[in-house]
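This report concerns only the one structure given below.
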Ligand SMILES: Nc1nc2c(c(=O)[nH]1)N[C@H]1C(S)=C(S)[C@@H](COP(=O)(O)OP(=O)(O)OC[C@H]3O[C@@H](n4cnc5c(=O)[nH]c(N)nc54)[C@H](O)[C@@H]3O)O[C@H]1N2
Ligand SMILES: Nc1nc2c(c(=O)[nH]1)N[C@H]1C(S)=C(S)[C@@H](COP(=O)(O)OP(=O)(O)OC[C@H]3O[C@@H](n4cnc5c(=O)[nH]c(N)nc54)[C@H](O)[C@@H]3O)O[C@H]1N2
Ligand SMILES: [Mo]
């Protein structure tokens, strides 16, 4: 049987009639998946294929004048010239070599953030990192857009995110034990369509249904209602970015009414004393009363008080969406989530404690075990320079400038060459007009891409990459219970090559073939990577078959764990034997180390700090813009598919707006509107709704960025207006959810959307 894996599901290939002959084989979701995603059903649609990059291409000015001798600001507007593979590889290899010799490897940025494909060998970042390491290294990034604040903060207070994510209490345990499920940011099933590396079974719909059937009560603190498919759930409207204040007030009630678990705090935590002083107003700041929190968040004080009492009397799970920490001071809700759960004392008990991301990817709450997967060895990077991933524009705009991170001060390197593989910064980064200015600084930008994305259009040299169906690979994701043999299903289109072949071509020209390839071709690499994973799995309860059997059989299904996971159960049972990897071995409600950094924007314990932009300090006509993950695609991937386009209005992305806010502005459902602030502007189509609170608008990410000559995006990418500022000087994550805008309209003569057109090309 033939399979392919995508981040949103595993598909059987070519099992339907009429497939055998030619073209893209029909993909059918696995029969065992009772809630398959529709995102990928359009794989290979003609509209998508029309946007494929067919040949290597070079920006005209760069080709004619060489790097540095052109106007890099012309990236994205100048014509691209198709060239043959040898020419493109020669040009790129020569320029990489030039920069490396003249300016050193610390002038090359190859962080290359992005989700690329589910296959673990042709994984964009792994390929480019390995290649650059063979050449002497590159400037890298740390952390992710997803979890910038959490990745950097959580190790101090409870443990690394990757361990915490893999340790989430399973859905079946919550169905059995959880009385009260609190969520800050819902449990959006749309997000759990995906897991990085693929999904065998989708659990959220079934998980929520089982909990409802058992009588779990749901309370959702959220600016929108549509992120929890539990009709009877209590929806509590909360101003964006103010969740920390409400959690503090819940804690205040628990502590002042003596409903907190002192024994738990004494045995498993450090620093409750400092937290208590802050909560009760003995630290020089106002006490965190429900009335105080109401003034900040808009949540009625009386309800905060009664909910705190309900929490204490129930087996309570407190969940938080990752989006809360993609905001100014994003550390605080993470820290306060753990603090509140610790005060309640149910961490480590079945169905109690906290969840950090039910509703973000499928793996959280999965019944499958943690497994070891195949990975491509990236080698060693001798270059020390790095950036927190979302500081890219800062780095490009301010070479030599300093930035704070993790209690230290670092310097931005001077980047002359960028190589990006498997990501789309002109979708994912905030304040794209600003990134556009930074992007004009390097002498050369190389991009490997499958489609003419906004980033591919802004390259000097583009290499056309093949897709998962056009090459061999292995799909794997931890806690998703699968290893997928992704056998090639069709030849690559026109001139496309796999990322591995592209780097082999560059490696040959740079004299590093042996180091890069280790004499392995594609299949030999898959065998090698798989056998490494098999060796690691040999001692577990689920040994893997050998490579030949795996390749033949197509899919290895790992069984569910015999004992379902309860987060931090072992720590609760034996806090010394299973000490946490924090400085004290305990949960750090107060952290000496962070306090010692003496940062103005992150103290030694969770506290309320007003975000850089929010409704508490907004003009009357300003609205808070949320940019959540899109339901009909993965970020910007497959934005041109029929399924994604069906969610647009006349080709434009919808912006959800409360009926009252629309009425005041004379806007009707479907009208084109413009969102703007000092950073930029974006057109979108109004979607008038009562499922969003007044004062808040929501525009999902991923519409291909399509600015007009004045930097106004015609298509509906929220990053035309979002804030490009670090979460704090401790973590420097993305603050995408902190953004005020003004909304005007209806716009009568809105410009046509041109996002899904192939750029001007001089064809071979
Ligand atoms: N405003 C706002 N912005 C956000 C967010 C937000 O909440 N709000 N969320 C952020 C988050 S959490 C994330 S993770 C990022 C996601 O940002 P990205 O990961 O950059 O988004 P993708 O659209 O998945 O980009 C992957 C790209 O890789 C290409 N690709 C796929 N397979 C291959 C391959 O095999 N080879 C090559 N060469 N290319 C390939 C795809 O065509 C696509 O262009 O966005 C961030 N941006
Ligand atoms: N279909 C699909 N699924 C995806 C992705 C995708 O692109 N498409 N991307 C994946 C990736 S890379 C990631 S990182 C995860 C991200 O997972 P999340 O970060 O959890 O996802 P979001 O959809 O941005 O936000 C979740 C909910 O939080 C709400 N919210 C935003 N700000 C606030 C706030 O201040 N307070 C409260 N209470 N609620 C708030 C949003 O309105 C939204 O309903 O999703 C993953 N899943
Ligand atoms: Mo993400």
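We did not get these values from a lab; they are worked out from the coordinates using the rules stated. Model, not experiment: these values are computed from the prediction. Cβ sites come from the backbone with ideal geometry, for glycine too, and all protein chains shown count toward neighbours.
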remark   = Expressed in angstrom and ordered largest first, the alpha-carbon extents of the range 615-744 along the principal axes are 42, 35, 32
key: Alpha-carbon spread of the range 313-463, three principal axes, descending order, Å   = 62, 35, 32
ask   = the range 568-632 to the range 252-293: how many Å between their Cα centroids?
value = 16
ask   = For the chain, what does -39500 (n - 2.57) per DSSP helix run (n ≥ 4), summed and divided by total residues, give at 222 nm, in deg cm²/dmol to the nearest 500?
value = -8000 deg cm²/dmol
query = Arranged by the count of other C-beta atoms within 10 angstrom, fewest first, what order do 109, 182 take?
reply = 109, 182
ask   = By how many degrees, 0 to 90 and rounded to 10, does the Cα axis of helix 331-344 deviate from the longest principal axis of the chain?
value = 40
note = Taking 386, 503 and counting other beta carbon atoms within 10 angstrom, the fewest-first order is 386, 503
Pairwise centroid distance, computed over Cα atoms, of the range 159-194 with the range 204-243, Å = 12
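With 10 angstrom as the radius, rank 296, 415 by how many other C-beta atoms surround their C-beta, starting from the fewest.
On the way: 296 22, 415 25.
With the fewest neighbours first, 296, 415 line up as 296, 415.
So what's Rg/Rh here for the chain, counting alpha carbon atoms and using the Kirkwood radius for Rh? If you can, show how the numbers build up before the last one.
On the way: Rg = 25.5 Å, Rh = 26.8 Å.
Rounded to two decimals, Rg over Rh is 0.95.
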request  = Report the full-extension gain for the segment residue 33 to residue 617: residue separation times 0.36 nm, less the Cα-Cα distance, to one decimal in nm.
outcome  = 205.6 nm
remark   = Under the rule rounded for a/c under 1.5, else prolate if a/b exceeds b/c, else oblate, using alpha carbon gyration tensor axes a ≥ b ≥ c, the range 109-243 is classed as prolate
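Quote to one decimal, in nm, the extra length available between residue 263 and residue 592 on full extension: 0.36 nm per residue of separation minus the C-alpha distance between them. Intermediate results must be reported in sequence, preceding the final value.
Details: separation 329, 0.36 × 329 = 118.44 nm, distance 2.17 nm.
Answer, rounded to one decimal: 116.3 nm.
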ask   = What FRET efficiency would be calculated for the residue pair residue 548, residue 79, taking the C-beta separation as r and a Förster radius of 51 Å, to the nearest 0.05?
value = 0.55
inquiry  = Distance between the C-alpha centers of the range 699-715 and the range 341-384? Whole Å please.
reply    = 34
